[in-house]
Amino acid sequence: MESILIAIIALGCIALVFGAILGFASVKFKVEGNPIVDQIDALLPQTQCGQCSYPGCRPYAEAIANGEAINKCPPGGQSTIDALADLLDVEAIPLDAEHGQEQPKTVAFIREAECIGCTKCIQACPVDAILGAAKQMHTVIASECTGCDLCVEPCPVDCIDMLPIEPTLANWNWPSPSSSEHIIATDRGRGNAGSAA
Amino acid sequence: MSKIWSFHGGIHPPENKQQSLQRPLEALPLPSRLVLPLQQHIGAPASPLVKVGDRVLKGQPIAEPTGFVSAYLHAPTSGTVVDLVDHSVPHPSGMTAPCVVIEPDGEERWIELQGVDDYRSLEKHELAERIRHAGIAGMGGAGFPTEIKLHLSDDHIINTLIINGVECEPYITADDMLMRERADEIIGGIEIAAHLLTPTHVLMGIEDNKPEAARAMTEAARRSRIDIEVVVVPTKYPSGGERQLVKLLTGVEVPSGKIPADIGIVVQNVGTLAAVYNAVHFGKPLISRITTITGEAASRPGNREVLIGTPISDLLAHAGVDPNRLTRLVMGGPMMGYALGNANVPLIKTSNCIIAGAADEFPPAPPAQNCIRCGACEQVCPAELLPQQLHWFAKGREYDKALNFNLLDCIECGACSYVCPSNIPLVQYYRHAKGEIRREQAEQRKAEQARIRFEARNERLEREKTEKEARRKARAEAAAKAQAAKKDDAVTSAPKADPEAALKAAKTAAAVARTKLKKAEKALQIARDSGESDLAALEAEVSAQQQKVAASEAALKAAESTAPAKTPDIKELKLAAATARTKVTKTEKALADAEAKALPSAEKLRSSLATLRSKADAAQHALAAAEQSARPAAPAEATAAATADLKQLKSNAAILRTKLKKARKAIEAGDSSAELAQQVTELEPQLASAEQALAAAQAQQPPHTGPDLKALKSAVAIARTKVKKAQKALDEAGDNDDLRAELAQLQQQAAAADAALEAAQQATESP
């Protein structure tokens, strides 16, 4: 009887000590905010285009952290979906066509002769990549443009074009070798995906 | 002899070097055109210093560097700049890049050259600046601006200078020929580099398949004033790779992601050092180089001294290349070079070899088979990577994993592809994967930048909002304070200053006095009726009250006389007249009632009716008089009101229109409830009347005096865009009557807007 009592007391003491340590640690090393949101945000393309129906990439990252579908980002395309699926350990699903198609990267261009200087596109640009003032011609800082499309709609005279980014010597890449080898049936899809990119 | 270490892997492909060593070094005749790409080096493209039509002298700078990692470019001969144009350049993509095109005049007139006899007397940075101005970039193939490498002793401790005379790739003999013919120039260059870097050891590596070059260099090194050790290394590909040569000669491995300078070693190519010698001693910029032209299609293979910018077609013609046998034109070696799409590209600073390959020399690659996991690629990889693993990852686009297996340490030597029994194009996979990784990293950087800008913008908008709010609050507070101050003022000054207030106070006082008197009288009456004893006191009270009433009424009269003659307020008068009239009608009704019932009060009512009628008449009169007096002021007000009214009418009409539209849309969308239908029927007449009113108001409105040209212009632009959009919609929708009608209407509108704009422009121009 006495030995049982001693055991219970000893275990109780240990439980108290560890409980105190855990309690202290949970206060001392408390994580501010949700770190997964930052990780998701880092994977999103940051075009801030709102095609996912959220007002920017970070809000969508927060929504994903709260269980929103990961396939609502057309600018990121399948590679972003794959990366998100990898991070969140969920099934990679195809892009939700409702939010748009994956398109080649573009950059906005203002036909300056037609610009009437209304500043509407400047207000629409999420990354401040359009330069200009009221009644003055506007222009796009191409290196800052994310190709989000948001400036096209507000333009009253339709003078903004979305131009595809042309390959240059600086961003050219060797094409993937076309391969005729397929070890197992499932590799066939991979090989094609590789050559398509 | 110093010790020779060894590096992992490597292969022994057929050398094929003898073909191009049968003939001595020859100079190519002056070509008819020279095409000089602005970027022949790693880093930023140079920016041109000449324009079309300029006459240039041999050795004159024609482009200057645009950044730290960039290089000068010089005219290879005297002549005229005939074009600044995008021309196809030697690049695996076959794309074009900006080039300066020079037409030689054949005079070969040099600019004034300034060499130095004793470079040791110069400051080191001055010496490096001379090398920079000579436009020298690594001639082994990479094209890294040389003076940057010679500057490295500023922030690195350099203990070993290694001269790369290995030239391990098959076919190429340009460095071999240079070492045989110009050993002294190379030694001179080494001395300058050693002066700049102050290493403790100078080592020179030469493969044992170039005995003549090794002998020439050893002899020249003996004559040198510094200690240069010529090391003959066994022939193995790729011992000419920078990292492999460092390992071979020093036994030290350059860590992943670092450069040799981080471990105190600088490697320079022999061609580069010869160019440095010429730049320092004679002031000659880099305008020519030795290039090997070989291959089975060439009948006179050999090494040629060519001007930078010479079209490859000229070189092929000089080497007697048979166009019928030529199937594959390769720039660089067979292992690391790339096929050229056409011979119209120029030779650049890094072009060390051109191979005019025949069909049996470069047969088409056999189809790739499955990987049999033999591990041969791992055996030959000089970077000690796992090519098989990298192959899977590159193929499956698992670039993260490829990075973890150090894909970026791959030097793309092609040894793995060479030995692969399944003919898998391994190195092509790695090149593609490396490019994709770089692209992804660039996108990542851009995304990060976009995120920062987006956050900065949101912060700014937020700040602006709070500032606006703060300003609004401050204004409201100031207004409240001003109001309070006014009130205080009014309270203190009221009794004396405000006669109106005094009048009111007097009126109230008189009324109170009258009521009190009435009460007192009533009390007296009751007391009298009940026969109370205390009559005397009550009577006194009544008389006192009577006096008070008299006094207060006198005060009231006085106040009325002091109060300024009040301007008759039409509104008040109207109200008074209306009340009077109502009272009259009410009394009339009561009277009729009383008469019908023959009540005794009828007589009383009749008399009060008479007084009320007279009162109503008086009120009406007063009102009429006031209105008469007020009229003169009205018209001005009316016009001001009219514009406001017009606006009001417009917005009313617009609101009604929108409502109507919404209702209609809802109906169209399928919500066909009776309520909505009723709403529509209700709204339609309302809208019609509102539009009528608006039209009437506009008709009354005086015509616009100054037509706003700008507004008209943008109206025209907007109208045009609308027409365009409608047209587009029509095109897309095909035959649609509604759209067509809308388009016609819009076109009319646009035409009208145009006409208005024209008229306005004429009007403004005519005066």
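The values are calculated or read from the model by the stated rules, or taken from the named source; none is laboratory data. Since the model is a prediction, treat every value here as computed from it, not as a measurement. A quick note on method: Cβ atoms are made from the backbone with ideal geometry, for glycine too, and the neighbour counts reach across all protein chains shown.
Got a sec? Which of B:ARG215, B:ARG225, B:ARG300 is assigned to a helix (DSSP H, G or I) and surrounded by fewer than 23 Cβ atoms within 10 Å (Cβ to Cβ)? Steps first, answer last, please.
Numbers: B:ARG225 fails: assigned to a helix (DSSP H, G or I); B:ARG300 fails: assigned to a helix (DSSP H, G or I).
Checking each option against the conditions leaves just B:ARG215.
Evaluate the following for A:PRO59: is it more than 9 Å from chain B (Cβ to nearest Cβ), at pLDDT 90 or above and either closer than 14 Å to A:GLY100 by Cβ or outside any loop (DSSP other than H, G, I, E, B) (or both)? Before you say what the answer is, go through the steps one by one.
Details: more than 9 Å from chain B (Cβ to nearest Cβ): yes; at pLDDT 90 or above: yes; either closer than 14 Å to A:GLY100 by Cβ or outside any loop (DSSP other than H, G, I, E, B) (or both): yes.
Answer is yes for this residue.
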Pick from segment B:157-211, criterion more than 49 Å from the chain's Cα centre (by Cα) and within 13 Å of B:ILE265 (Cβ to Cβ), ranking: surrounded by the most Cβ atoms within 10 Å (Cβ to Cβ): B:GLY205
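With modelled with pLDDT of 90 or more and either surrounded by fewer than 10 Cβ atoms within 10 Å (Cβ to Cβ) or away from chain A (no Cβ under 14 Å) (or both) as the only criterion, which of B:ARG475, B:ARG457, B:ARG514, B:ARG451 stands out? Let's see the steps before the verdict.
Numbers: B:ARG457 fails: either surrounded by fewer than 10 Cβ atoms within 10 Å (Cβ to Cβ) or away from chain A (no Cβ under 14 Å) (or both); B:ARG514 fails: modelled with pLDDT of 90 or more; B:ARG451 fails: either surrounded by fewer than 10 Cβ atoms within 10 Å (Cβ to Cβ) or away from chain A (no Cβ under 14 Å) (or both).
None of the others qualify; the one that does is B:ARG475.
Which count do you get for residues in segment B:359-392 that are farther than 30 Å from B:VAL270 by Cβ and not in a loop (DSSP other than H, G, I, E, B)? Full working, then the answer.
Here is the first cut: in segment B:359-392, the residues farther than 30 Å from B:VAL270 by Cβ are B:359-360, B:363-379, B:386-392.
Narrowing the set further to residues that are not in a loop (DSSP other than H, G, I, E, B) leaves B:376-379, B:387-392.
Qualifying residue count, segment B:359-392: 10.
How many of the residues in segment A:10-52 are β-branched (Val, Ile, Thr), in a helix (DSSP H, G or I) and closer than 25 Å to A:ASP89 by Cα?
Restricting attention to segment A:10-52, the residues satisfying the condition of being β-branched (Val, Ile, Thr) are A:14, A:17, A:21, A:27, A:31, A:36-37, A:40, A:47.
Filter once more, so that each one left must be in a helix (DSSP H, G or I): A:14, A:17, A:21, A:27, A:36-37, A:40.
Then keep just the ones that are closer than 25 Å to A:ASP89 by Cα; that gives A:36-37, A:40.
Total satisfying the criteria: 3.
From the residues in segment B:26-46 that are hydrophobic (A, V, I, L, M, F, W, C) and in a strand (DSSP E or B), which one is nearest to the chain's Cα centre (by Cα)?
Of all residues in segment B:26-46, those hydrophobic (A, V, I, L, M, F, W, C) come to B:27-28, B:30, B:34-36, B:38, B:42, B:44, B:46.
Among the residues that remain, those that are also in a strand (DSSP E or B) are: B:27, B:34-36.
On the way: B:ALA27: 50, B:LEU34: 38, B:VAL35: 34, B:LEU36: 32 Å.
Of everything passing the filter in segment B:26-46, B:LEU36 is nearest to the chain's Cα centre (by Cα).
For every residue, the table says whether it meets (1) assigned by TED's automatic domain parsing to the domain that holds A:CYS52; (2) farther than 29 Å from B:LEU709 by Cβ; (3) more than 18 Å from the chain's Cα centre (by Cα); (4) surrounded by 15 or more Cβ atoms within 10 Å (Cβ to Cβ).
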position	(1), (2), (3), (4)
A:VAL127	no, yes, no, yes
A:ILE130	no, no, yes, yes
A:LYS135	no, no, yes, no
A:CYS145	no, yes, no, yes
A:CYS148	no, yes, no, yes
A:CYS151	no, no, yes, yes
Scope segment A:100-141; condition touching a helix residue (DSSP H, G or I) at 6+ places or on another chain (Cβ under 7 Å), within 10 Å of chain B (Cβ to nearest Cβ) and without any contact (Cβ under 8 Å) to a residue 40 or more places away in the chain; matching residues: A:ASP128
Unmet criterion (only one of (1) over 20 Å from B:GLU384 (Cα atoms); (2) small (Gly, Ala, Ser); (3) under 50 Å from the mean Cα position of the chain (by Cα)) for B:GLY251: (1)
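Do we have any residue at all in segment B:138-155 that's assigned to a loop (DSSP other than H, G, I, E, B), among the aliphatic types (A, V, I, L, M), within 13 Å of B:ALA274 (Cα to Cα) and in contact with a helix residue (DSSP H, G or I) (Cβ under 6 Å, 6 or more places away or on another chain)?
First, the residues of segment B:138-155 that are assigned to a loop (DSSP other than H, G, I, E, B): B:138-144, B:151, B:155.
Remaining after also requiring among the aliphatic types (A, V, I, L, M): B:139, B:142.
From what's left, within 13 Å of B:ALA274 (Cα to Cα): B:139.
Of the ones still in play, those that are also in contact with a helix residue (DSSP H, G or I) (Cβ under 6 Å, 6 or more places away or on another chain) are B:139.
Yes - at least one qualifying residue is present in segment B:138-155.
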Only one of A:PRO167, A:PRO175, A:PRO156 that is at the interface with another protein chain (Cβ under 10 Å from one of its Cβ atoms), modelled with pLDDT of 90 or more, outside any helix (DSSP H, G or I) and on the phi < 0 side of the Ramachandran plot: A:PRO156
Candidates B:ALA216, B:ALA275, filtered to the one that is aliphatic (A, V, I, L, M) and either touching a Phe, Trp or Tyr at 6+ places or on another chain (Cβ under 9 Å) or farther than 28 Å from B:GLY10 by Cβ (or both): B:ALA275
Some residue of segment B:421-431 being part of a helix (DSSP H, G or I), surrounded by fewer than 20 Cβ atoms within 10 Å (Cβ to Cβ) and more than 10 Å from chain A (Cβ to nearest Cβ): no
Of residues in segment B:717-759 being of a type in the set (Gly, Ala, Ser) and within 14 Å of chain A (Cβ to nearest Cβ), the one farthest from A:GLU114 (Cα to Cα): B:ALA729
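For segment B:337-367, enumerate the residues that are under 44 Å from the mean Cα position of the chain (by Cα) and surrounded by fewer than 18 Cβ atoms within 10 Å (Cβ to Cβ). Steps first, answer last, please.
Step one: filter segment B:337-367 for residues under 44 Å from the mean Cα position of the chain (by Cα), giving B:337-354.
Listed by number, the residues that qualify are B:TYR338, B:ALA339, B:GLY341, B:ASN342, B:ASN344.
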